[in-house]
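Enquirer: Mind having a look at this structure? Questions to follow.
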Amino acid sequence: MGYHTFDADGADKLERPERRYRFLSTEELLWALALSSEDIVADLGSGTGFFTDDVAPHVSGVYAVDIQEAMHEYYEEKGVPENVELVTTGVEELPFEDGSLDAAFSTMTFHEFVSDDALAEIRRVFTPAGRLVIVDWTATGTGENGPPLDERYTADAAADALRDHGFSIEHQFSRPETFLLVATIE
């Protein structure tokens, strides 16, 4: 497993659009996911559902996956869209059938769950056309936001980990504080 998980006591910080959209806009996420209205998607490390809420209107269903029940409780208080199902589990133990997800995304949580088991599990639950979008803090950033630099990955290291698990990298962008990867099944 990765390093620390975000402290649920700070969940209010995850609901600040001016902060969240600074590093990833809804438009960019939707572009990267290339969704259809029939898709079933998972938000891996969904937290308070901030980006889950942005994706839900564009798909048939979203699984909001988070290891912390406290994050789901926060999301329930905020209001969960009808087509979103809360799933409390680690990414290495997804309770989905083989080939059941059309896409998945992770916003600022890849460093928390990345492992051989988690990446193999994501691949297992994808359809043959499965699409994975990762946006996370980069190890080349300043460290002013997000986790400590020594807990982060570079875009190249994250892309290599995905390739090692049968993914092909379609897009890779490095930015000052974050990176974006779009990966599909090879």
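Enquirer: Could you tell me what % of all Cα pairs in region 97-186 have separations over 19 Å?
Expert: Roughly 34 percent, rounded to a whole number.
Enquirer: Right, next: Roughly how many Å² is the accessible area per residue of the chain, as a whole number, for a 1.4 Å probe?
Expert: I get 45 Å² per residue for the chain.
Enquirer: Quick one: net charge of F110's neighbours, Cβ under 12 Å, K/R +1, D/E -1?
Expert: -2
Enquirer: Along the positive direction of the dipole of the chain (beta-carbon charges: Lys, Arg +1; Asp, Glu -1; about the Cα centre), which of L24, V59, L101 reaches farthest?
Expert: Of the candidates, L24 comes out farthest on the positive side.
Enquirer: Please say if region 43-103 is rounded, prolate or oblate, where rounded means a/c under 1.5 for a ≥ b ≥ c the square roots of the C-alpha gyration tensor eigenvalues, and otherwise the choice is prolate for a/b larger than b/c and oblate otherwise?
Expert: Here region 43-103 falls in the oblate category.
Enquirer: Classify region 57-146 as rounded, prolate or oblate from the Cα gyration tensor: take a ≥ b ≥ c as the square roots of its eigenvalues, call it rounded if a/c is under 1.5, otherwise prolate when a/b beats b/c and oblate if not.
Expert: On the way: a/c = 1.62, a/b = 1.11, b/c = 1.47.
In terms of gyration-tensor shape, oblate.
Enquirer: Take the Cα gyration tensor of the chain, multiply each eigenvalue by 5, square-root it, and list the three semi-axes largest first, rounded to whole angstrom.
Expert: They are 21, 21, 16 Å, listed largest first.
Enquirer: Where in region 96-127 is the amide nitrogen less than 17 Å from a point lying 7 Å along the Cα-to-Cβ axis of A70?
Expert: none
Enquirer: Could I ask something else about it? Take D117 and A157, extend 7 Å from each Cα along the Cα→Cβ direction, and tell me the distance between the two endpoints in nm.
Expert: Result for the modelled spin labels: 2.1 nm.
Enquirer: A follow-up question, please. Using unit Cβ charges (K, R positive; D, E negative) and no other charged atoms, how large, in debye to the nearest 20, is the dipole of the chain about its Cα centre?
Expert: 580 debye
Enquirer: Which whole-number percentage describes the relative contact order of region 28-139, with Cα contacts under 8 Å and a sequence gap of 6 or more?
Expert: The value is 28 percent.
Enquirer: Any idea which of A129, F173, L86 is furthest toward the positive side of the dipole for region 85-186, if Lys and Arg beta-carbons carry +1 and Asp and Glu beta-carbons -1?
Expert: Farthest towards the positive pole: F173.
Enquirer: Sticking with this structure for a sec: At 1.4 Å probe size, with the rest of the protein present, what percent of the exposed accessible area of the chain is carbon and sulfur atoms?
Expert: 46 percent
Enquirer: Using unit Cβ charges (K, R positive; D, E negative) and no other charged atoms, how large, in debye to the nearest 20, is the dipole of region 108-172 about its Cα centre?
Expert: 320 debye
Enquirer: Let me ask you something else. As a test of the formula, what do you get for the chain when each DSSP H run with n ≥ 4 contributes -39,500 (n - 2.57) and the sum is divided by the residue count, at 222 nm and rounded to the nearest 500 deg cm²/dmol?
Expert: Taking each H run of at least 4 residues, the total per residue is -7500 deg cm²/dmol.
Enquirer: Further question on the same structure: How would region 139-186 be classified by its alpha-carbon gyration tensor: rounded, prolate or oblate, with rounded meaning a/c under 1.5 and the a/b versus b/c comparison settling the rest?
Expert: Prolate shape, in that a/c is at least 1.5 and a/b is the bigger ratio.
The values are calculated or read from the model by the stated rules, or taken from the named source; none is laboratory data. The structure presented is a predicted model; accordingly, all values stated were derived computationally and were not measured. All Cβ positions, glycine included, derive from the backbone under ideal geometry; neighbour counts span all protein chains shown. Each accessible area value is taken on the protein alone, full model and side chains, heavy atoms only, with ligands, DNA and RNA left out. Shrake-Rupley method; radii C 1.70, N 1.55, O 1.52, S 1.80 Å.
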